[in-house]
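One structure is given below, encoded as structure tokens.
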Amino acid sequence: MSGGGQAVGTPPAPGPGTGPGTGPGTGERDGRTTRRPPALRLLARPETGVFLGAVAVLVFFLIAAPSVRQGASMATVLYQSSTIGIMALPVALLMIGGEFDLSCGVAVITSALTASMLSYQLTLNVWTGVITALVVSLAVGAFNGWMVVRTGLPSFLVTLGTFLILQGVNLAVTKLVTGNVATDDVSDMDGFGQAKKIFASSFDVGGVQVKITVVWWLVFAALATWVLLRTKYGNWVFAVGGDQDSARAVGVPVRFTKITLFMLVGLGAWFVGMHNLFSFNTVQSGEGVGNELIYIAAAVIGGCLLTGGHGSAIGPLFGAFMFGMVNQGIVYAGWNPDWFKAFLGVMLLGAVLINLWVQRTATRR
């Protein structure tokens with residue numbers, strides 16, 4: 001379902017060693033089943049355009065900002081990219097499945113606040129808060145998915161409501177519990193060191209400190225790619241995003257697939273939330289607003305269509321890298337950082353136009 005079946009050519013005239021089902025090249029094909037050139041098939045891949053764009057952006061800033069060539073600078077770029085990319089991956093899977101989640105930005109902060117306040121206020125091991133935050137994040141995702149499939153409302157409206165609820169709860173509960181807009185420092189609590197090693201540690205590569213999130217980002221991208229291309233669940237994701245009625249007719253569990261996709265977004269929000277908590281030891285309750293647009297934009301730049309049913313996990317990886325490269329490249333070039341949003345807008349519009357052109361080119365007879 002994810003890639004379509006192999007077209008069957010027109011049978012050749014009967015003769016020695018020929019017949020229906022013969023291999024490629026044994027007979028003429030009509031215009032509908034002509035095999036496209038390899039270059040055109042490569043161009044049809046959703047990650048091709050963003051890969052070329054990422055290379056162009058990298059080369060541009062290597063020239064415009066010489067400090068980018070330093071190992072420490074590139075490590076910072078990769079770190080910025082990873083914090084976006086880890087969330088962009090489940091958001092991309094959800095978009096391939098034909099849905100959106102506008103609450104994913106504030107859900108990251110909800111997860112971090114839950115872990116921090118529960119552990120600190122009850123004087124518990126931080127792992128208690130981490131596990132509780134995981135349950136809360138998965139529950140938020142499950143609620144979004146259940147509401148979408150149960151009511152039939154657009155996920156845009158459902159998750160917009162969740163976004164507003166979480167934003168208000170984050171601020172109100174934090175002020176009620178801590179008397180402030182930020183949580184208390186948890187760095188001296190039991191289990192903090194262990195959690196920091198998993199979510200927010202660094203390791204040395206040739207004298208350069210690289211954040212562990214870069215490794216997790218690449219691992220998650222590889223895992224998501226395997227799921228999409230090599231598992232039945234991956235076929236379900238493409239099927240429900242392409243046409244959920246047709247998918248349901250052939251036995252695809254549409255409700256299960258959509259709900260679990262929303263829960264994967266919750267899982268990503270939990271992981272990034274834990275990284276934020278154990279990187280900075282405290283959480284600002286008003287943060288996260290607007291990040292959902294960055295995650296969605298990274299997925300769109302990575303080749304995910306707004307209509308669903310098309311995309312990859314590798315594309316958003318390059319899309320997140322472009323965000324990190326532009327974000328840090330502007331700083332290293334000494335430009336006004338206000339231009340960052342303008343760059344993002346240009347990249348987003350360019351990606352949408354390229355995706356449209358690629359889609360039309362790939363389906364051209």
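The values are calculated or read from the model by the stated rules, or taken from the named source; none is laboratory data. Computed from a prediction, not measured in an experiment: that's the story for all the values here. Every residue, glycine as well, gets a Cβ built from its backbone with ideal geometry; the counts of neighbours run over all protein chains shown. Surface accessibility is based on the protein's heavy atoms, side chains included, excluding ligands, DNA and RNA. Shrake-Rupley method; radii C 1.70, N 1.55, O 1.52, S 1.80 Å.
Quick notes
- Among the residues of the range 220-234, those identified as under 13 Å from the mean Cα position of the chain (by Cα) and either among the aromatic types (Phe, Trp, Tyr) or open to solvent by 30 Å² or more (accessible area, probe 1.4 Å) (or both) are PHE220, ALA222, LEU223, THR225.
- Flag if LEU113 is in a helix (DSSP H, G or I), open to solvent by less than 10 Å² (accessible area, probe 1.4 Å) and closer than 18 Å to LYS175 by Cβ: yes
- Taking residues in the range 208-230 that are closer than 14 Å to SER82 by Cβ, and partners anywhere that are surrounded by fewer than 21 Cβ atoms within 10 Å (Cβ to Cβ) and of a type in the set (S, T, N, Q), the pairs with Cβ atoms closer than 6 Å and at least 6 places apart or on different chains are GLN209/SER202; LYS211/SER202; ILE212/SER201.
- Residue list for the range 125-156, filter: on the phi < 0 side of the Ramachandran plot and in a loop (DSSP other than H, G, I, E, B): ASN125, LEU153, PRO154
- Cβ-Cβ distances below 6 Å connect the following pairs, each with a first residue in the range 262-286 that is touching a residue at least 60 places away in the same chain (Cβ under 8 Å), a second residue that is buried (at least 24 other Cβ atoms within 10 Å of the Cβ) and of a type in the set (Asp, Glu), and a separation of six or more residues or different chains: VAL265/ASP101.
- For GLY311: the one exception among (1) at negative phi; (2) within 12 Å of the chain's Cα centre (by Cα): (1)
- A count restricted to the range 182-199 and to residues that are of a type outside the set (S, T, N, Q) and open to solvent by less than 60 Å² (accessible area, probe 1.4 Å) stands at 9.
- Selection count, the range 283-322, where residues are part of a loop (DSSP other than H, G, I, E, B) and charged (D, E, K, R): 1
- Condition broken by ALA342, with the remaining ones in (1) touching a helix residue (DSSP H, G or I) at 6+ places or on another chain (Cβ under 9 Å); (2) surrounded by fewer than 24 Cβ atoms within 10 Å (Cβ to Cβ); (3) at pLDDT 80 or above satisfied: (1)
- Those residues of the range 169-225 which are charged (D, E, K, R) and assigned to a helix (DSSP H, G or I), in sequence order: LYS175, LYS196, LYS197
- Criterion: within 19 Å of the chain's Cα centre (by Cα), at pLDDT below 80 and surrounded by fewer than 23 Cβ atoms within 10 Å (Cβ to Cβ) - qualifying residue of VAL358, VAL352: VAL352
- Close contacts from the range 183-200, counting a first residue that is farther than 17 Å from VAL215 by Cβ and a second that is open to solvent by 70 Å² or more (accessible area, probe 1.4 Å) and outside any helix (DSSP H, G or I), with Cβ to Cβ under 7 Å and a gap of 6+ residues or different chains, come to none at all.
- Cβ-Cβ under 6 Å pairs, at least 6 apart or on other chains, the range 94-122 side in contact (Cβ under 8 Å) with a residue 60 or more places away in the chain, far side assigned to a helix (DSSP H, G or I) and among the acidic types (Asp, Glu): LEU102/GLU292; CYS104/GLU292; GLY105/GLU292
- Residue within the range 160-169 that is in contact with a Cys (Cβ under 9 Å, 6 or more places away or on another chain) and within 21 Å of SER137 (Cβ to Cβ) present: yes
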